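Chemist: Below you'll find the structure I mean.
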Amino acid sequence: MAALQPQPVIPPDALSRAGAPPRLAQATLPPGPGPVQSLRYSVRPFEFLRDCARRYGDAFTMRLVGPPALVVSHPDAVRQVFAAEATSAGAPNAEFLAPIVGWRSVLVLDGAPHFRDRRLMGPPFHGERMHAYGRVMREVTDRNLERWPVGTPFAVQPQMQAITLEVIMRAVFGIEAGPRLARLRAHLLRLLRLADGIGALFVAVPFLRFELGGLTPWGRFLRERAAFRDILGAEFAERRTTPDARREDILSLLIAARDERGEPMTDDELFDEMFTLLMAGHETTAAALAWALYHVLSHADVLARVQDELRGTDDPSKLEYLDAVIKESARLSPTFPLAMPRRLDAPMRVAGWDVPAGVSVCPAIYLTHHRADLWPDPDRFDPERFLGRRPDPSTFYPFGGGVRRCLGASFATYEMKVVLARVLSRVALHLAPGYRMRPKLRGVAVAPSAGTPVVVEGRR
């Protein structure tokens with residue numbers, strides 16, 4: 001079988017495949033912050049969005065680089081954007097995302113290729129498959145809990161990152177203990193460190209992506225990505241040569257999947273989708289776990305009710321109150337404050353404005369989740385909002401919506417239930433004394449500041 005071929009950072013035909021944005025017509029868009037003011041989003045994301053909503057209302061225009069983006073928060077506008085057909089979400093983000101996750105990633109595809117990959121990738125993330133993943137999630141969490149110090153403050157988010165990374169390596173990639181797992185872990189840790197801190201700027205911003213012989217953060221990112229590609233390439237070859245129907249990891253299921261023409265995913269497609277799952281699922285799930293722990297530990301009555309429920313069962317399908325806690329945490333503190341923008345391929349009237357083709361429209365998850373007309377006393381943490389209630393997908397959408405809704409939403413929610421159930425039933429925790437939380441943008445996700453320091457009082 002042919003080996004995985006290295007991809008150019010930006011293929012020569014990239015712009016033709018991504019689709020060049022149409023020329024903007026003259027139009028009057030709603031007012032909004034300018035490019036300099038919009039930089040506040042990277043420092044105080046929640047506060048910046050609240051200030052914009054107070055000043056500009058339900059719709060405002062953000063201008064950073066490229067065409068302007070219309071940000072909307074009213075559920076009618078959100079519903080319209082999620083249902084619109086004449087939009088592109090992959091192409092507008094391709095120049096920014098494709099050099100990181102790959103040109104065959106579902107995040108940068110549109111139309112038939114996007115639907116084809118979603119159909120192939122959907123089944124492993126739903127249904128009975130979750131029970132097999134649950135065993136791995138419990139084992140990984142229990143092993144991590146054994147290392148938590150007692151009586152000494154420590155940041156819990158890095159521990160959540162260690163758990164989610166191990167779950168990805170075992171449940172998603174299906175690589176068990178051994179030299180290959182150790183090599184994979186070493187390369188992934190270096191990759192993920194580059195995607196955090198100051199190095200993230202050189203990975204995320206296109207004009208800062210220069211290699212200098214591999215000495216820059218971008219050069220090191222490409223080197224580690226290539227090493228990761230080699231390891232997964234060996235896995236592809238081995239599993240295609242000696243298929244094992246008993247394997248239940250997501251990679252094996254995708255290798256066996258066939259589209260409507262009976263065609264499998266190519267090795268390049270598999271690699272880009274696996275890398276996307278890593279980059280999109282590791283940091284965000286760890287941040288969501290940190291938020292949930294912060295909110296639970298900040299409310300003694302919620303903690304007591306969760307623990308009472310856990311004394312009756314640890315079956316994720318029966319943990320109704322814990323499920324409500326996770327949803328309320330995602331409402332109050334979404335890891336992604338803004339949904340993936342959609343570029344209009346044809347003019348559309350949105351939120352009372354005639355928006356020309358070429359403008360991107362972006363639902364503001366955080367702002368919709370904090371509307372007082374939808375969520376009474378919206379800044380209060382109240383899991384009972386979600387008990388016995390199925391929220392409208394235009395009023396509650398932490399994983400985005402429409403055809404671009406996150407493929408791993410069910411997997412991430414199930415993982416959060418399993419991990420939180422193990423943590424809250426096996427150790428007694430409280431927030432570190434004097435901790436003052438501030439929402440902070442880490443890589444692509446918003447998380448509590450300082451890694452959410454906690455103290456373990458004892459083990460159960």
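The values are calculated or read from the model by the stated rules, or taken from the named source; none is laboratory data. Note that the structure is predicted; figures quoted are calculated from it, not measured. Note that each Cβ is placed from the backbone with ideal geometry, even for glycine, and that neighbours are counted across all protein chains shown. Accessible surface areas use protein heavy atoms only, side chains included; no ligands, DNA or RNA. Shrake-Rupley method; radii C 1.70, N 1.55, O 1.52, S 1.80 Å.
Chemist: If you check A339 against the conditions, is it closer than 22 Å to D110 by Cα, under 17 Å from the mean Cα position of the chain (by Cα) and not in a strand (DSSP E or B)? Reasoning before the result, please.
Modeler: Working: closer than 22 Å to D110 by Cα: yes; under 17 Å from the mean Cα position of the chain (by Cα): yes; not in a strand (DSSP E or B): yes.
It is true that A339 is closer than 22 Å to D110 by Cα, under 17 Å from the mean Cα position of the chain (by Cα) and not in a strand (DSSP E or B).
Chemist: Kindly provide the set of residues from region 347-356 that are outside any loop (DSSP other than H, G, I, E, B), open to solvent by 10 Å² or more (accessible area, probe 1.4 Å) and in contact (Cβ under 8 Å) with a residue 24 or more places away in the chain, ordered by number. Spell out the reasoning first.
Modeler: Here is the first cut: in region 347-356, the residues outside any loop (DSSP other than H, G, I, E, B) are 348-350, 353-355.
When the remaining residues are screened for being open to solvent by 10 Å² or more (accessible area, probe 1.4 Å), the result is 348-349, 353-354.
Within region 347-356, M348, W353, D354 meet the criteria.
Chemist: So which of R390, R405, R385, R371 is among the basic types (K, R) and within 25 Å of A86 (Cα to Cα)? Outline the logic, then answer.
Modeler: Values: R390 fails: within 25 Å of A86 (Cα to Cα); R385 fails: within 25 Å of A86 (Cα to Cα); R371 fails: within 25 Å of A86 (Cα to Cα).
None of the others qualify; the one that does is R405.
Rundown of residues vs (1) at positive phi; (2) crowded, with 22+ Cβ neighbours inside 10 Å; (3) touching a Pro at 6+ places or on another chain (Cβ under 9 Å), yes/no style:
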| residue | (1), (2), (3) |
| --- | --- |
| L367 | no, yes, yes |
| F386 | no, no, no |
| P391 | no, no, no |
| G400 | yes, no, yes |
| S410 | no, no, no |
| V418 | no, yes, yes |
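Chemist: Being without any contact (Cβ under 8 Å) to a residue 60 or more places away in the chain, under 21 Å from M416 (Cβ atoms) and either surrounded by 19 or more Cβ atoms within 10 Å (Cβ to Cβ) or of a type outside the set (S, T, Y) (or both) is true for just one of H131, H126. Which residue is that?
Modeler: Residue meeting the stated conditions: H131.
Chemist: Restricting to region 100-116, name every residue that is open to solvent by 10 Å² or more (accessible area, probe 1.4 Å) and part of a helix (DSSP H, G or I).
Modeler: Going residue by residue through region 100-116, those that are open to solvent by 10 Å² or more (accessible area, probe 1.4 Å) are 100, 103-104, 106-113, 115-116.
I100, V106, L107, V108, G111, A112, P113, F115, R116, listed by residue number.
Chemist: Something else: Testing R119 on (1) exposed (fewer than 13 other Cβ atoms within 10 Å of the Cβ); (2) not in a helix (DSSP H, G or I), one condition comes back false. Which one is that?
Modeler: That leaves (2) as the condition not met.
Chemist: Can you name every residue in region 357-366 that is at pLDDT below 95 and either assigned to a loop (DSSP other than H, G, I, E, B) or out of contact with any helix residue (DSSP H, G or I) (no Cβ under 8 Å at 6 or more places or on another chain) (or both)?
Modeler: Initial filter on region 357-366 (at pLDDT below 95): 357-360.
Residues satisfying the conditions are A357, G358, V359.
Chemist: Sort through L429, L424, L420, L344 and tell me the only one that's farther than 30 Å from G458 by Cβ, aliphatic (A, V, I, L, M) and touching a residue at least 40 places away in the same chain (Cβ under 8 Å).
Modeler: Numbers: L429 fails: farther than 30 Å from G458 by Cβ; L424 fails: farther than 30 Å from G458 by Cβ; L420 fails: farther than 30 Å from G458 by Cβ.
Criteria check complete, one pass: L344.
Chemist: Moving to a separate point now. Please determine whether any residue of region 382-394 is over 28 Å from L29 (Cα atoms), among the basic types (K, R) and without any contact (Cβ under 8 Å) to a residue 24 or more places away in the chain.
Modeler: yes
Chemist: Mind listing whichever residues of region 85-99 are over 17 Å from V203 (Cα atoms), open to solvent by 20 Å² or more (accessible area, probe 1.4 Å) and touching a residue at least 40 places away in the same chain (Cβ under 8 Å)? Before you say what the answer is, go through the steps one by one.
Modeler: Step one: filter region 85-99 for residues over 17 Å from V203 (Cα atoms), giving 85-92.
Now narrow it down to the ones that are open to solvent by 20 Å² or more (accessible area, probe 1.4 Å): 85-87, 92.
Residues satisfying the conditions are A86, T87, P92.
Chemist: Considering only residues of region 304-323 that are part of a loop (DSSP other than H, G, I, E, B) and under 14 Å from V423 (Cβ atoms), which is most open to solvent (accessible area, probe 1.4 Å)? Before you say what the answer is, go through the steps one by one.
Modeler: In the first step, residues of region 304-323 are kept if they are part of a loop (DSSP other than H, G, I, E, B); the result is 313-315, 319.
Those left that are additionally under 14 Å from V423 (Cβ atoms): 314, 319.
Working: D314: 78, L319: 3 Å².
Among them, the one singled out is D314.
Chemist: Do you know which residues across region 264-304 are free of Cβ contacts under 8 Å to residues at least 60 places away in the same chain and farther than 30 Å from L253 by Cα?
Modeler: A300, D301, A304
Chemist: Being modelled with pLDDT under 95 and either charged (D, E, K, R) or out of contact with any Pro (no Cβ under 9 Å at 6 or more places or on another chain) (or both) narrows it down to one of A245, A304, A300, so name that one. I'd like the intermediate steps shown before the answer.
Modeler: On the way: A304 fails: modelled with pLDDT under 95; A300 fails: modelled with pLDDT under 95.
None of the other options fit; the residue is A245.
Chemist: Looking at (1) among the polar types (S, T, N, Q); (2) surrounded by fewer than 17 Cβ atoms within 10 Å (Cβ to Cβ); (3) touching a His at 6+ places or on another chain (Cβ under 9 Å), find the lone condition where T28 falls short.
Modeler: For T28, the exception is condition (3).
Chemist: Which pairs do you get when a residue that is among the basic types (K, R), found in region 312-340, comes within reach of a residue that is in a helix (DSSP H, G or I), reach meaning Cβ atoms under 7 angstrom, with the pair 6+ apart or on two chains?
Modeler: Pairs found: K327/F386; R331/H369.
Chemist: Got a sec? Which helices (runs of 4 or more DSSP H) wholly within region 178-261 have at least 3 residues that are open to solvent by 50 Å² or more (accessible area, probe 1.4 Å)? Please lay out each step first, then the result.
Modeler: Details: elements: 179-194, 199-204, 217-241, 250-256.
By residue number, 179-194, 217-241.
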